[in-house]
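The values are calculated or read from the model by the stated rules, or taken from the named source; none is laboratory data. Please read all numbers here as calculations on a predicted model, not as lab measurements. Because the Cβ atoms are built from the backbone with ideal geometry, glycine has one as well, and the counts that use them run over all protein chains shown.
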Amino acid sequence: MPSVIVFIPGPLRPYCAGRAELPVDADTVGEALEVLEQSQPALYRNVCDETGAVRRHLNVFVNTDNVRDLDGVRTALRQGDVVTILPAVSGG
Amino acid sequence: MAERVVLMIGTRKGVFVAESARTRRRFALRGPFGDGVPVYATLVDTRGATPRLYASNCNPFFGMKVLRSTDLGKTFTETKSAPAFPGDDGRALANIWALEAGARKRELLCGAEPAALFRSRDGGDSWELVPGISNHEHARQWQPGAGGLCMHTIIRDGRRLHIGISTGGHYLSEDDGETFTASNGGVGAGFTPDPYPVFGQCVHKIARHEAAPGRLYMQNHGGWAEWDGPGGRRPGIGVLRSDDYGRTWRSIASGLPSDFGFPIVVHPHDPDIVYVVPLEPQTRACPGGAPAVWRSENGGASWTRLSRGLPKKESFFTVQRDGMVIDDLRSPALYFGTTTGQLWIGRDGGEQWECLFDSLPPIPTVRVALV
């Protein structure tokens, strides 16, 4: 199973003891989120809603690609990938 | 004796707290708290030795939070959790529209979007869904109004619980929230061919007075007097009164310039005195650009315009459903916040108005308490 890094944006670090990067072993983005649900439940609630969907105004990237343009949460991960969670450019 | 007047001002960019002596001459403003996130519900819980201030925090990026302050709004921290639907429910929390004190110590009630009721028994650190209304057989048929499908009104009256939903209507529980019945007799709807459906009305706000058991006032979605399609005209369906715990309602809109509006507020010492803010139904703005609060001193039989000190022209703001409150000092003051970020005080029961703050972010909600 590939080992990847999940990069946490500043506003969410208080929900994972201040850490900017979390190492995760997962085959897909969805599996990586499931790992976070178990290991960092407070962080997970900020990223996914009660239905398990990634919140509407958040984007998840694998390296430089938005998973929305790949295979969503089913996007496969490879050894050394960086999964980045970022707030979308929205609001006013 | 309570010495301070505390206002919680929920805005589109966080919550502010304003504090004054009982004279209410000057209010000191603190905030914003909550990282610039919209706040649609607040609560000043005065039941304990130390007042607790609560604010919802509708974060569009990271979801819903509940903020709590135990130092009268000098600092706020997140509670340990926020209301959330069970994982297999299929609904996801979009906003919090109401926070109210529950029947028991540390108990809180929360009205949510999509329309659902949550209860906390530990001051907001954990929450449970109240299924009697949240999973009511009508729940999946309720529809969102322009503001979303929101449960905005929670009124406790002993074992009775009144709930207001837009658009769902008024629901009454007489068994402490176990079961609920749609109680909308006489509550009109303009957006359905049936003018008086069993449920589905766009109720905007409901208010009551403890000294008048059974009496309720409702600001409903009016503005349908000229409708000429199926079901016919529906004049006066916007401002209503019930004298039987909300089972049946009758119009008290006669004499108002418009039966459309959002807030409705009852005087703290006289259940016959009630206040509304009539708005043009098409624009949701002050009629003619001249804002006014209207007061009835006889339970809705007649109305008086209160506008001394308010702009006489060129003011087209909206006062939203939780945007007006009244304190309970002997000569009470009204307060309303506007979508243009002004916070007004109406001294002597609304006889004389003054702008306390004129450049806050848009204000969905205002609460006041003596502490």
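General observations
- Of all the residues in the stretch B:1-22, those that are in contact (Cβ under 8 Å) with a residue 40 or more places away in the chain and not in a strand (DSSP E or B) number 4.
- Conditions (1) over 20 Å from B:Gln320 (Cα atoms); (2) in contact with a strand residue (DSSP E or B) (Cβ under 8 Å, 6 or more places away or on another chain); (3) part of a loop (DSSP other than H, G, I, E, B); (4) not β-branched (Val, Ile, Thr); number of the one not met by B:Arg104: (2)
- Qualifying positions in the stretch B:141-182 - within 22 Å of B:His204 (Cβ to Cβ) and outside any strand (DSSP E or B): B:Gln141, B:Trp142, B:Gln143, B:Pro144, B:Ala146, B:Gly147, B:Leu149, B:Thr167, B:Phe180
- When B:Ala211 is tested against the conditions (1) among the small types (Gly, Ala, Ser); (2) surrounded by 16 or more Cβ atoms within 10 Å (Cβ to Cβ); (3) part of a loop (DSSP other than H, G, I, E, B), the lone failure is (2).
- Contacts under 6 angstrom Cβ, first residue in the stretch B:337-348 being surrounded by fewer than 18 Cβ atoms within 10 Å (Cβ to Cβ), partner not acidic (Asp, Glu), 6 or more apart: B:Thr340/B:Phe317; B:Arg347/B:Ala333; B:Asp348/B:Ser331
- Restricting the stretch B:30-40 to residues that are assigned to a strand (DSSP E or B) and not charged (D, E, K, R) leaves a set whose member that is farthest from the other protein chains (Cβ to nearest Cβ) is B:Gly31.
- Pairs where the first residue, in the stretch B:303-316, is free of Cβ contacts under 8 Å to residues at least 60 places away in the same chain and under 16 Å from B:Arg347 (Cα atoms) and the second is buried (at least 16 other Cβ atoms within 10 Å of the Cβ) and of a type in the set (Phe, Trp, Tyr), C-beta under 6 Å, 6+ apart: B:Arg305/B:Trp294; B:Gly309/B:Trp353; B:Leu310/B:Trp353
- Counting only strands (runs of 3 or more DSSP E) that sit completely within chain A, those holding 3 or more residues that are without any contact (Cβ under 8 Å) to a residue 24 or more places away in the chain and either more than 13 Å from chain B (Cβ to nearest Cβ) or of a type in the set (A, V, I, L, M, F, W, C) (or both) correspond to A:21-25.
- Some residue of the stretch B:249-263 being farther than 12 Å from B:Pro195 by Cβ, modelled with pLDDT under 95, in a loop (DSSP other than H, G, I, E, B) and out of contact with any strand residue (DSSP E or B) (no Cβ under 9 Å at 6 or more places or on another chain): no
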